[in-house]
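Peer 1: Let me begin by handing over the structure; questions about it come next.
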Ligand SMILES: *Cc1c(COP(=O)(O)O)cnc(C)c1O
């Protein structure tokens, strides 16, 4: 039986250290904020190569905090991708902001930068881009558009923590970048968690306050904020896992390379990492013509697979009031019909990768 994300193996890899760190928090009984959280934030900022990191309760709350900190508000518009996890557009809509979708490129499944400008209106305040499957979008082009049009760039890096664009961690791009530490993300904690990154001290302070109910000092509130803290227990776990995270990224890339190799003669579209970028391979996602049949055969062999994502956000019931219809975003719709994610984690063995690739290839040949 092959495991999709193999969280059990991930715990085993640093079991003693992690369990000791958790016990330390239990014994100190400093569960909210405190030194574990402060140290983690310093270590996260160091890991991405500078700026400020503010931890928070999830990747979703990180997005909410980013939009709130930048002052994007009800009635404004934010341009984003319809091919992502719901939270990206959901957090926009939750604030009464209108998500304006722009189709993806099939090269990297991220926003097609050439289609953005035509959607900018006087109400547009920001572009919320996503690093899907672990690979950043064209951040140079996005920063250029935002500068020219006086928009804020926010990067939803929930899947891409540790990925680089032109040699810089993607968390250092834009006005604000976010990430998620949901257990199955490349750097996962043992529950919910997230972080917000910025290069600006004043923004970092505002985000830190917003996640604590807009607190200025105890029971004195300067903003309407949220209860969005990261638990000290999660911070303690993350501090251990962060020490070994670079090795995990390398291992994920090695797995992806082996998949590419064993699938090279199969009639499938393998994922591409574009020039000047790196991926942390949150997912290893193919495009295939007969997805159902492949999923069935994989299942018969005890191999799990997943679809990220089966329906474009423009076609989700919750966004019906936005008035989009089928056919609006052809690349998103094609991708949602053809993408298939194979097991991806740092612990996959070459023999397992080969076995998975052979099942896929066999279906394609039949
Ligand atoms: C996982 C994910 C989120 C949400 O993160 P949570 O920590 O689960 O709230 C947001 N955006 C993208 C692209 C994600 O993959």
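What follows draws every value from the coordinates through simple rules; no lab data is involved. In this text the structure is predicted, and so the values were computed from the model without any measurement. Cβ coordinates were reconstructed from backbone atoms using ideal geometry, including for glycine residues, and neighbour counts include every protein chain displayed.
Peer 1: Calculate the length of the line joining the C-alpha centroid of region 102-116 to that of region 269-297, in whole Å.
Peer 2: Going from one Cα centre to the other spans 16 Å.
Peer 1: While we're on this one: To the nearest 0.05, what FRET efficiency results for residue 223 and residue 7 with a Förster distance of 30 Å applied to their C-beta separation?
Peer 2: 0.25
Peer 1: State the extension gain, in nm to one decimal, for the chain segment bounded by residue 334 and residue 320, taking 0.36 nm per residue of separation less the distance between their alpha-carbons.
Peer 2: Roughly 3.1 nm would be gained on extension.
Peer 1: Over the chain, calculate the relative contact order: mean separation of alpha carbon pairs under 8 Å at least 6 apart, over the residue count, as a percent.
Peer 2: 22
Peer 1: Taking a ≥ b ≥ c as the square roots of the eigenvalues of the Cα gyration tensor of the chain, is the shape rounded (a/c under 1.5), prolate (a/b larger than b/c) or oblate?
Peer 2: Oblate.
Peer 1: For region 298-366, report the convex hull volume of the alpha-carbon atoms normalised per residue, in Å³, without decimals.
Peer 2: Residue-normalised Cα hull volume stands at 131 Å³.
Peer 1: State, to one decimal in nm, how far the label point of residue 73 lies from the label point of residue 311, with both points 7 Å from Cα in the Cβ direction.
Peer 2: The two pseudo-label positions are separated by 3.4 nm.
Peer 1: Another question about this same structure. Over all Cα pairs of region 171-248, how is the pair count split among 5 Å bins, expressed in % and running from 0 up to the last occupied bin?
Peer 2: 3, 14, 20, 21, 20, 14, 5, 2, 0
Peer 1: Right, something else. Taking N as the number of residues in region 172-308, what is its alpha-carbon radius of gyration divided by 2.2 N^0.38 Å?
Peer 2: 1.41
Peer 1: Next question. Given the options 225, 193, 71, which has the most mean-square fluctuation in a GNM of the chain, springs set between C-alpha atoms less than 10 angstrom apart?
Peer 2: Looking only at 225, 193, 71, the largest GNM fluctuation is found for 71.
Peer 1: Any idea what diffusion coefficient region 246-365 gets from Stokes-Einstein, in µm²/s, Kirkwood Rh on alpha carbon pairs, 25 °C, 0.890 mPa s?
Peer 2: Approximately 158 µm²/s, per Stokes-Einstein.
Peer 1: While we're on this one: Under a point spin-label approximation (7 Å from Cα along Cα-to-Cβ), what is the residue 19-residue 32 distance to one decimal in nm?
Peer 2: A separation of 3.0 nm, rounded to one decimal place.
Peer 1: Let me ask something else about it. Would you mind telling me which residue in 236, 250, 69 has the biggest mean-square fluctuation in a Gaussian network model of the chain, where springs connect alpha carbons within a distance under 10 angstrom?
Peer 2: Largest GNM mean-square fluctuation: 250.
Peer 1: Taking only C-alpha pairs under 8 Å that are 6+ residues apart, what is the relative contact order of region 86-244 in percent?
Peer 2: Averaging sequence separation for qualifying contacts and normalising by length gives 13 percent for region 86-244.
Peer 1: Looking at region 7-243, send over the antiparallel percent of its DSSP beta bridges, to the nearest 5.
Peer 2: Among the beta bridges of region 7-243, antiparallel pairing accounts for roughly 50 percent.
Peer 1: Convex hull volume of the Cα atoms in region 187-228, per residue, in Å³?
Peer 2: Per residue, the Cα convex hull of region 187-228 comes to 79 Å³.
Peer 1: Build a GNM of the chain with springs between Cα atoms under 10 Å: which of 105, 61, 264 gets the top mean-square fluctuation?
Peer 2: Fluctuation is largest for 264.
Peer 1: How much length would be gained if the chain were fully extended between residue 121 and residue 358, taking 0.36 nm per residue of separation minus their Cα-Cα distance, in nm to one decimal?
Peer 2: Stretched fully, the residue 121-residue 358 segment lengthens by 80.4 nm.
Peer 1: Would you mind getting the Kirkwood hydrodynamic radius of region 1-112 from its Cα pairs, rounded to one decimal in Å?
Peer 2: The answer is 17.6 Å.
Peer 1: Something else now. Work out, step by step, the length gained on full extension between residue 350 and residue 264: first 0.36 nm times the residue separation, then minus their alpha carbon distance; give nm to one decimal.
Peer 2: So the chain would gain 29.5 nm between residue 350 and residue 264.
Peer 1: Now a separate question. Going 7 Å from the Cα of residue 257 toward and past its Cβ, which residues in region 313-354 have a backbone nitrogen under 19 Å from where you end up?
Peer 2: Backbone N within reach: 344-354.
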